Structure formats: C-alpha cells, structure tokens
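Shown next, in structure tokens, is the structure this report addresses.
The values are calculated or read from the model by the stated rules, or taken from the named source; none is laboratory data. In this text, all values refer to a predicted model and were calculated from it rather than measured experimentally. A quick note on method: Cβ atoms are made from the backbone with ideal geometry, for glycine too, and the neighbour counts reach across all protein chains shown. Just so you know, the surface numbers come from the protein's heavy atoms only, side chains and all, with ligands and any DNA or RNA stripped out. Shrake-Rupley method; radii C 1.70, N 1.55, O 1.52, S 1.80 Å.
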Amino acid sequence: SDITAAIGLAQLERIEELNNKRKLRVLQYLYELSDLKWLKLPKYDPNSSWHLFVTRVEERNRFIDYMLAHGVSVGVHYKPLTLYPIFPSTPLPVTDRVWPTLATLPLFPDLSDEEFDHIIKTIRSFK
C-alpha cells in the first residue's frame with residue numbers, strides 16, 4: 001500500500017543510521033556476554049546489517065522461558081524446512097543438532113540503554 005511504501009522510503013533514508021545503531025548493540029552484546037561459556041555468540045562481521053542477533057544455548061527452551069518470565073522477548077528463527085509437513089523429512093544431522101540451540105536476542109535500532117541493561121542482567125542471571 002501507499003502507507004507501507006511511505007514508511008519504507010522514510011526508513012531507507014535512515015538506513016545507515018539504523019544499521020550503525022544495531023552494530024553498536026551487537027558490539028555491546030559481544031563485550032558484555034563474552035565470558036559466558038554456556039552462551040555461544042556469533043562472530044562479529046562489520047559488513048553485516050545485523051537484522052538478527054542469533055546465539056546458541058544448549059537449554060534453549062528453558063532459556064527462552066526464563067527470559068520471557070523476566071520480560072525479555074527471545075525468538076527462534078530459521079526453522080528447518082524439513083520440519084514443515086510439506087517437505088520430506090530428510091535427516092540433516094548438523095541442522096538437527098544445531099537448530100534446537102538457536103535463540104535470537106532482542107536487537108533493534110531504538111533499543112534503549114535501560115532495556116539493554118535489563119536484557120544483559122537477565123541473561124547473566126540465567127543458569
């Protein structure tokens with residue numbers, strides 16, 4: 001629609017600013033959480049737009065429940081196609097091992113310092 005297009009055009013004018021805000025939060029996540037052995041963090045890529053910050057946690061479901069109970073929305077992305085009924089159930093050993101550990105942390109340009117601090121404190125208090 002015209003409204004969606006207008007919003008999209010306005011966001012495109014700010015794309016560099018928005019990407020830089022996400023990159024800064026990514027660097028902060030990496031710095032604040034690097035000592036947690038149970039949380040596997042992505043490697044920093046300066047060329048990424050960082051639309052998602054996907055981590056790996058062995059106890060993903062318990063982690064997500066804990067985060068949600070403390071007011072932090074953690075997502076799960078990239079569900080393997082073989083888990084949808086329309087696709088054949090083909091064994092994919094690496095995918096089958098890794099996907100259940102993926103958890104996406106909040107990452108958006110307008111994430112406030114207060115929200116970010118709460119996310120970090122909540123993650124650090126898990127286990």
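Might you tell me the accessible area per residue for segment 18-127, computed with a 1.4 Å probe and given in Å²?
62
Just to check I understand the Karplus step: with θ = phi - 60° and J = 6.51 cos²θ - 1.76 cosθ + 1.60, what whole-Hz values come out for segment 58-68, glycine and proline as x?
4, 9, 3, 5, 5, 4, 4, 4, 4, 5, 4
Residue farthest toward the positive end of the dipole of the chain, with Cβ of Lys/Arg at +1 and Asp/Glu at -1: which of Val94, Val26, Leu107?
Of the options given, the answer is Val94.
Among Ser48, Phe116, Tyr78, pick out the residue whose Cα is farthest towards the positive end of the charge dipole of segment 32-127, where Lys and Arg carry +1 and Asp and Glu carry -1 on C-beta, about the Cα centre.
Tyr78
Arranged from highest to lowest average of other beta-carbon atoms within 10 Å per residue, in what order do the peptides 75-88, 42-55 appear?
Ranking, from highest mean packing down: 42-55, 75-88.
With only Lys, Arg, Asp and Glu charged, each at its Cβ (+1 for the first two, -1 for the last two), find how big the charge dipole of segment 1-126 is about the Cα centre; round to the nearest 20 debye.
540
What pairs in Lys43/Lys79; Lys40/Lys79; Lys21/Lys127; Lys37/Lys121 have C-alpha atoms more than 23 Å from each other?
Lys21/Lys127
Which net charge results for the neighbourhood of Trp50, defined as the other residues with beta-carbon distances under 9 angstrom from its beta-carbon, given Lys and Arg at +1 and Asp and Glu at -1?
Its environment carries a net charge of +2.
When the accessible area of the chain is split by element with a 1.4 Å probe, what percent falls to carbon and sulfur?
Taking all protein chains in place, the chain shows 58 percent carbon and sulfur surface.
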